[in-house]
Every structure is written in structure tokens, then in C-alpha cells.
Amino acid sequence: MGKSKVLVVGGTGYIGRRIVKASLAEGHETYVLQRPEIGLDIDKLQILLSFKKQGAHLIEGSFNDHKSLVDAVKQVDVVICTMSGVHFRSHNILLQLKLVEAIKEAGNVKRFLPSEFGMDPARMGHALEPGRVTFDEKMVVRKAIEEANIPFTYVIANCFAGYFVGNLSQLGRLTPPKDKVYLYGDGNVKVAFTDEEDVATYTIKAIDDPTTLNKTLYIRPPHNILTQSELIQKWETLTGNKLDKISTTADDFLASMKGFDLAGQVGVGHFYHIFYEGCLTNFEIGEGSEEASKLYPQVEYTRMDDYMKIYV
Ligand code: NDP
Ligand code: GO6
């Protein structure tokens, strides 16, 4: 069997650029959508040109031009969309409905991976406002994919380390605090963390694997299922410096939502479900789903104590 041809839509983004890199590394003929709307965004253009230098093909296309999307997807076997879902960087998850239309019309795509890469929206029917919009929109896209009979894989990446580990899971910052750290309750709820590079590696492994066809792929490798307290302990061991722990009750944490702008409120809701409710780990991976480190044991995923070394 030949290698799949892969199109990445959203390739210059935070997770997208890692997926392009992983696709090239795996030897897939890799295509990246180049949108005219990037205009004078020289950083995006430079990223695209660096992909080209590494052997990727740039395909011009726009979400405002249906035919350009159909033409783009006709050239490949697999489409991976990494459209923004992060509220403080703008969110456009529903724009993917246009891509679903194009894939449906083209009729050749063997696998579509929509922009998921977070918590499992199918398990978040109870999520709090306003953060639930993330999950509701991803479910609208899933429904369109399944109604169009497009073969899919949904990748559930859980907590990206860059947003949840380097900062010891503190909201509103991306670096570790120096003296005091806020604990969610007792800090004893199990959470799943993943290095973004591993997210990309597992995603590329899954794209032509019959085992992941029409399934959800959870990235929940056993060594990276940790409580916030365990994460903090690893950091303290690494630095040889103890932090003051300040426990926050669920009620106080939720009450803090009032002081945030919309993006912050979305964050507080998500953190509540992850760190108080335990929504990433309070279920077994069962029917219709697979776990990535079990499926691809040859991948040597990064452990979080190793990941944290760059922050020392
Ligand atoms: P980014 O914010 O980096 O954006 C990704 C891409 O979206 C951009 O590069 C751009 O593509 C495209 N895009 C943005 N606006 C538009 C638009 N108006 N029209 C067309 N394309 C647009 O996304 P992330 O990588 O942060 O997020 C990707 C996914 O990962 C989301 O589903 C998000 O929910 C999830 N996520 C999960 C996290 C976790 O901890 N598990 C953390 C962060 C995100 P282009 O390259 O063409 O310019
Ligand atoms: C990441 C964040 C971090 C918000 C997901 C506010 C979708 C998901 C784990 O963009 O709101 O400081 O699953 O001040 O399904 C953001 C969101 C986290 C990052 C969560 C995310 C995770 C989106 C903040 C902050 C570090």
C-alpha cells in the first residue's frame, strides 16, 4: 500500500504546524492549504514557505471559495483540519462545515480528522456556559461528517502541555509560578497531559490505520495521567524548590468567573471540568474508541517531568 496523501487545513496554527512536520517526517506527501486571507501576515507566510522547503506542497484555497476547497481535497486521501478553537486566539470551528461540504462533493477522501484535539465534546453535554460553545460546535461538525458518511477519526488529545504543564495548570500564565501555586481543591483529581509533538505523531499514525476508522482516538498515555499535585511535585523535584500551595474550593473557583472576559470565562469552565470534575479520566475507553499509546507502543512519548525541564 502506498503512503497516503495528506492535506492539512490550518497548517500554520499551534497544533497544525506540528502535524505538518509529523506528516513530512512519516514520509507522507503533504499538502498545506495556503489561504489568500493571510494577506500581510508575514509570520504565517514564512511558516508556509518553510514547509515548502521541507517538501510540502502549498495549495491555494479559501473558505470563501467552495470550488477551491473541492479542488484542494480532490488531490489527497486524508484531510486533517486544525482550525482554531481557542477563544483568546479567535474561534472558527463552525467554518469547518464548508470543508465538510467540499469533502462530501469531492467524494474521494478516505479519512477526515476535524479540529478536535481537546476534551471529548461527546462527553461534555453538561458543560457550563459560556465554555460549552467549544463542545457544542464540535458536535455540530461531527453530526455533519457522520450524516455525509465521511470516514473520520476524532483525536482527543486532552491537555496540551504548553497550556497546562509549563504553568503548573495556573490560569492566565504560561510559565511556572515562583513562590505560590493555586491548587484546584486538594489537587488530587487525575488529569491527562500530552506533549503537543506527541499529539502530532499519534495523529499521523492514526490517519491510515483501519483500527481508528470511524472511531475516537484518546491520547491518554498511562505515565501522563497525573494529578495537579503530582505535577507540582515533579516540578519541585526538578528545581529543588518547594512552593506554597493555596487550595481553592470549586465554589470559589467558579465564582471567579465573573471577573474574566469571555475568553477567560471559557477557560474557567474548562478548568473546572478538568480539575474538579475529572472529565478527562472519569471513564473507561470503551466501544468505538482506542487509546493511542496502547495502539502505537513504538512511540516513545514524552513524560511530563522531561517536558518541564525546558522551564527550569
Ligand atoms: P490556532 O489558534 O493556532 O489556529 C489554527 C488555524 O486556524 C490558523 O492557523 C488558521 O489557519 C485557522 N484559522 C483561524 N481563523 C480562520 C479563519 N477565519 N478562516 C480560516 N482559517 C482560520 O488553533 P490551535 O492549534 O490552538 O487549535 C486547534 C484545535 O486544538 C482546536 O480544536 C482547539 O480546540 C484545540 N486545542 C486544544 C488544546 C488542548 O489543551 N488540548 C489547546 C489549544 C487548542 P491558517 O494556517 O490557514 O492561517
Ligand atoms: C484549551 C486556557 C489557558 C484558558 C481543551 C485560559 C479546548 C479543549 C483540554 O486555549 O479553555 O492560561 O481540552 O488563561 O477541548 C485554553 C483552552 C486554556 C487554551 C481551554 C482547550 C483545551 C481548548 C489559560 C487561560 C494558561
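Laboratory data are not the source of any read-out in this text; all were calculated from the coordinates shown. The model shown is predicted, which means the values in this text are computed figures rather than measured ones. Heads up, the Cβs are rebuilt from the backbone with ideal geometry, glycines too, and the neighbour counts pull from every protein chain shown.
Each Lys and Arg contributes +1 and each Asp and Glu -1, all at the Cβ; summed about the Cα centre of the stretch 1-147, the dipole is approximately 380 debye. Taking the DSSP bridge list for the chain and keeping only pairs wholly inside it, about 10 percent are antiparallel. Shown in residue order for the stretch 276-283 are the 3J(HN,Hα) couplings computed by the Karplus curve 6.51 cos²θ - 1.76 cosθ + 1.60 at θ = phi - 60°: 9, 7, x, 5, 7, 10, 7, 8 Hz (x for Gly and Pro).
Order by neighbour count: Phe117, Phe152, Phe160, Phe260, fewest other Cβ atoms within 10 Å first, most last. Walk me through the numbers on the way to the answer.
Numbers: Phe117 27, Phe152 24, Phe160 19, Phe260 14.
Lowest count first: Phe260, Phe160, Phe152, Phe117.
Taking the Cβ of each residue in Ile47, Ile246 as the centre, tally the other Cβ atoms inside 10 Å and list the residues starting with the fewest. Write out the running numbers ahead of the final one.
Values: Ile47 19, Ile246 9.
Exposure proxy ranking, most exposed first: Ile246, Ile47.
Candidates Ile42, Cys159, Val100 compared by Cα position along the dipole of the stretch 39-182: farthest toward the positive end lies Cys159, with charges placed on Cβ. Dipole orientation for the chain: of the candidates Pro121, Leu7, Ile145, Leu7 has the Cα lying most toward the positive pole (charges on Cβ; Lys, Arg +1; Asp, Glu -1). Charging the Cβ of each Asp and Glu at -1 and of each Lys and Arg at +1, and nothing else, the dipole of the stretch 161-312 about its Cα centre rounds to 400 debye.
For the stretch 294-300, backbone phi angles converted through the Karplus equation (6.51, -1.76, 1.60; θ = phi - 60°) give residue-by-residue couplings of 6, 6, 10, x, 6, 6, 8 Hz, Gly and Pro being listed as x. Whole percent per 10 Å bin, from 0 to the bin with the longest distance: what is P(r) over all C-alpha pairs of the chain? Per 10 Å bin, starting at zero, the Cα-Cα P(r) for the chain comes out as 6, 27, 34, 23, 9, 1 percent. With all pairs of different C-alpha atoms in the average, the Kirkwood value for the hydrodynamic radius of the stretch 68-161 is 13.7 Å. In terms of other Cβ atoms within 10 Å, Leu69, Leu254 run from fewest to most in the order Leu254, Leu69. Since only Phe193, Cys279, Ala250 are under comparison, the one whose Cα sits farthest along the positive direction of the charge dipole of the stretch 165-312, derived from C-beta charges on Lys, Arg, Asp and Glu, is Ala250.
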